[in-house]
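A short worksheet on the structure shown next.
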Amino acid sequence: MRSAASLIVTAPLAALAGRTAARGDTACNYGVLMVRRVGGGSFGGALVFPGGVQDEQDKGPGDPHVACAIRETYEETGLLLLTAAPPALRARADASFRVSST
């Protein structure tokens, strides 16, 4: 069995370009980040939460599931959910996985 991790990322719609949505009589005031899987692979075309199988680079100090979920979300969406990389993640990061201060 392979270990994997996913993230469920939500944000108030007000923070997402001022959008609002309604579903029936209930106002929906949060957006949920989902990605569409590429056709032909496992779950091809399905809407899923970002995530995937742990890599060797996810192992080290700290929880490898957290490192995996953050890495997979970044790889699949370009969204890096850190304001500053923890030392263990910074030590394993390569040039394509840097935290931006902007």
I'd like to check something: does the range 80-87 contain any residue that is at pLDDT 90 or above and assigned to a helix (DSSP H, G or I)?
no
When every residue in the range 88-99 that is open to solvent by less than 70 Å² (accessible area, probe 1.4 Å) and in a loop (DSSP other than H, G, I, E, B) is compared, the one modelled with the lowest pLDDT is VAL99
Flag for ARG71 being modelled with pLDDT under 65 and either within 26 Å of MET1 (Cβ to Cβ) or among the charged types (D, E, K, R) (or both)
no
Per the list (1) modelled with pLDDT of 75 or more; (2) open to solvent by 50 Å² or more (accessible area, probe 1.4 Å); (3) touching a strand residue (DSSP E or B) at 6+ places or on another chain (Cβ under 9 Å), residue check on PRO64 breaks on (2)
Top-ranked residue in the range 50-61 [being over 21 Å from ILE8 (Cβ atoms) and in a helix (DSSP H, G or I); ranked as most open to solvent (accessible area, probe 1.4 Å)]:
GLU56
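The values are calculated or read from the model by the stated rules, or taken from the named source; none is laboratory data. Because the structure is a prediction, the values reported are computed rather than measured. Here Cβ is always computed from backbone atoms with ideal geometry, including for glycine, and neighbour counts include all displayed protein chains. Heavy atoms of the whole protein, side chains included, go into the accessibility calculation; ligands, DNA and RNA do not. Shrake-Rupley method; radii C 1.70, N 1.55, O 1.52, S 1.80 Å.
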